[in-house]
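Some notes on the structure that comes next.
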Amino acid sequence: MSEKKAPEKMIKILLVDDEVNIAKALRRLLMDADLYEIYIANSGADALTLLTKHSDIGVIISDQRMPEMTGVEFLQKARDIVPEAIRILLTGYADIEASIAAINKGAVFRYLSKPWDDNSILQAVAEAARNFWLVAENRRLNALVLKQKDELQEWNQRLKQRVLDQTATIRARGDELSISNKLLKKSFDETIKTLAGLFELRDSRASGHSRNVAELVRAMAGKLGLPEEEKNQICSAGLLHDIGKIGISDKVLVKLPQELDSQERQEYQTHVIRGQTAIDMVPTLREVSVLIRHHHERYDGKGFPDKLKGDAIPLGARIICAVDMFERKLNQFPECDALSSALNSLEMEWGTSLDPTMRAALEESAQEVYTYLDLSSEVIEIKIAPKDLKPGMQLRRDLHSGTGVLLLKQGIIFDENSIDAVKRCFMIDPFEREICVMIKRDELNVFCESV
């Protein structure tokens, strides 16, 4: 059996007896235990006054027979002042029956008869003191638990708020990073377009070619169900596929492929290797550089530089090869039927130069991508300055900057973004000619009044 835990500090005891000698005798007995702090009162009234000053008294021992106020009456009133104090009643043999009848009125812990047995009273007081301490300790522990519970709730709330704040901060940083990544990607894409435009400054016949190829290969890649990352790679390769021609001599560059002699043809064919070499220096474009190298391979294995055949040619390179050939043929026919004529002219190329599995994707994509001018009787052609451009107008002819860079290709419908881009370019690299656009006839008078 485990030992009972004793109170950790001295318990205050109040002795109440109208006989001073009895009260002192009790004090001497209890003080010998060296466990208690003793207070004495010689009447119920004095004891009540003392209790109001010492509300932490733990044990009250009161005689039953006292003048003016009996022990039971006193203990009843004491209960109201210190309800948690343990109450003990001392009574003579003749008062036992009356004491038992009234004992519950004062919620008395126990009663002891007079004269008392020292061991019995010491044991009774020790038990009463321990009970008081246990109640007080239980109250203290409960209060501590409640306090810690409140502190834990407050800590949890602070932690929750901190997590919410950190989550909000992380989300905000994530949004900032997302915006930065989008801006970085946009800058990267614009840089590639700028690189593609460098070659067009040398060859007037290539004006807009790289952008047209890039737009059409992206549409074809979508038709073929390729993943977004691969579509982006093929589109970048479409923009840069002729970048290696920057290193070719002007004498070779101005000739058509069929006009080249053997030495010139050998120089011309190096442009795909030069293009790969230049682009391979950028780690994120190495896959793109492979497509640039192989975009002149033929499906029958008679292309260059490596004479790859069939599926050995990278898929992206096969797409670019078909679009490159189609786009060059497109410019050989009158505007009114250029699309159908260019597609028909490829009939003999499928299965020899071009992968026949690309045919449907090219024809469908070309119909969707290429915007041709609305030349119906409901529209009219006018020439205007950049400042007079309005959303909804259609560009009649390709628009170049003052130094020859293609800005927009014919057929596009102007919106706020494209108008803003033209105005910015006009400030940087002004062009002398007015912009040729198409507008509806019934809108002409309104336009003239607004400028």
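Just need a number here: residues in region 311-327 that are in contact (Cβ under 8 Å) with a residue 40 or more places away in the chain and not aliphatic (A, V, I, L, M).
Residues that pass the stated criteria total 5.
Find the residue count for region 13-50, including only residues that are among the charged types (D, E, K, R) and under 18 Å from N119 (Cβ atoms).
Final tally of qualifying residues: 4.
So which residues in region 276-316 are closer than 17 Å to G351 by Cβ and hydrophobic (A, V, I, L, M, F, W, C), if there are any at all?
Selection gives L308, A312, I313, L315.
I'm checking my understanding of the structure. Among residues of region 416-448 that are touching a Gly at 6+ places or on another chain (Cβ under 8 Å) and in a loop (DSSP other than H, G, I, E, B), which one is surrounded by the most Cβ atoms within 10 Å (Cβ to Cβ)?
F431
Pull up region 107-126, narrow it to residues that are assigned to a loop (DSSP other than H, G, I, E, B) and without any contact (Cβ under 8 Å) to a residue 12 or more places away in the chain, then point me to the one that is nearest to L35 (Cα to Cα).
Once the filter is applied, the top-ranked residue is D117.
Here is a list: Q64, Q76. Which entry is crowded, with 21+ Cβ neighbours inside 10 Å, over 60 Å from the mean Cα position of the chain (by Cα) and polar (S, T, N, Q)?
Q64
So S120 clears everything in (1) closer than 22 Å to S55 by Cα; (2) at pLDDT 85 or above except one condition, right? Which one?
Tallying (1) closer than 22 Å to S55 by Cα; (2) at pLDDT 85 or above, S120 fails exactly one: (1).
Of the conditions (1) modelled with pLDDT of 85 or more; (2) over 25 Å from A33 (Cβ atoms); (3) out of contact with any Leu (no Cβ under 7 Å at 6 or more places or on another chain), E97 fails just one. Which one is it?
For E97, the failing item is (1).
Looking for something in contact with a Cys (Cβ under 9 Å, 6 or more places away or on another chain) and within 21 Å of L195 (Cβ to Cβ) - is there at least one such residue anywhere in region 405-428?
Scanning region 405-428 turns up at least one residue that is in contact with a Cys (Cβ under 9 Å, 6 or more places away or on another chain) and within 21 Å of L195 (Cβ to Cβ).
Listed residues E37, E19; which is of a type in the set (D, E, K, R), touching a strand residue (DSSP E or B) at 6+ places or on another chain (Cβ under 6 Å) and at pLDDT 90 or above? Walk me through it before giving the result.
On the way: E19 fails: touching a strand residue (DSSP E or B) at 6+ places or on another chain (Cβ under 6 Å).
One residue alone meets the criteria, E37.
Is it the case, given these coordinates, that K255 is part of a helix (DSSP H, G or I) and either under 22 Å from V405 (Cα atoms) or assigned by TED's automatic domain parsing to the domain that holds F326 (or both)?
Taking the combined requirement at face value, the residue does not satisfy it.
Are there any pairs, at least 6 apart or on different chains, whose C-beta atoms fall under 6 Å, with the first in region 396-417 and modelled with pLDDT under 80 and the second exposed (fewer than 14 other Cβ atoms within 10 Å of the Cβ), and if so, which?
G411/T371; G411/Y372
Please tell me if N119 is under 30 Å from L15 (Cα atoms) and loosely packed, with under 10 Cβ neighbours inside 10 Å.
The answer is yes for N119.
Can you confirm whether E154 is of a type in the set (D, E, K, R), free of Cβ contacts under 8 Å to residues at least 60 places away in the same chain, part of a helix (DSSP H, G or I) and under 30 Å from L399 (Cβ atoms)? If you could, list the steps in order and put the result at the bottom.
Values: of a type in the set (D, E, K, R): yes; free of Cβ contacts under 8 Å to residues at least 60 places away in the same chain: yes; part of a helix (DSSP H, G or I): yes; under 30 Å from L399 (Cβ atoms): no.
When the stated conditions are applied, E154 does not pass them.
Only one of A78, A25, A33 is small (G, A, S), on the phi < 0 side of the Ramachandran plot and not in a helix (DSSP H, G or I); which?
Unique residue meeting the criteria: A33.
The values are calculated or read from the model by the stated rules, or taken from the named source; none is laboratory data. Quantities reported herein were computed from a predicted structural model and do not represent experimental measurements. Cβ atoms come from the backbone with ideal geometry, glycine included; neighbour counts cover every protein chain shown.
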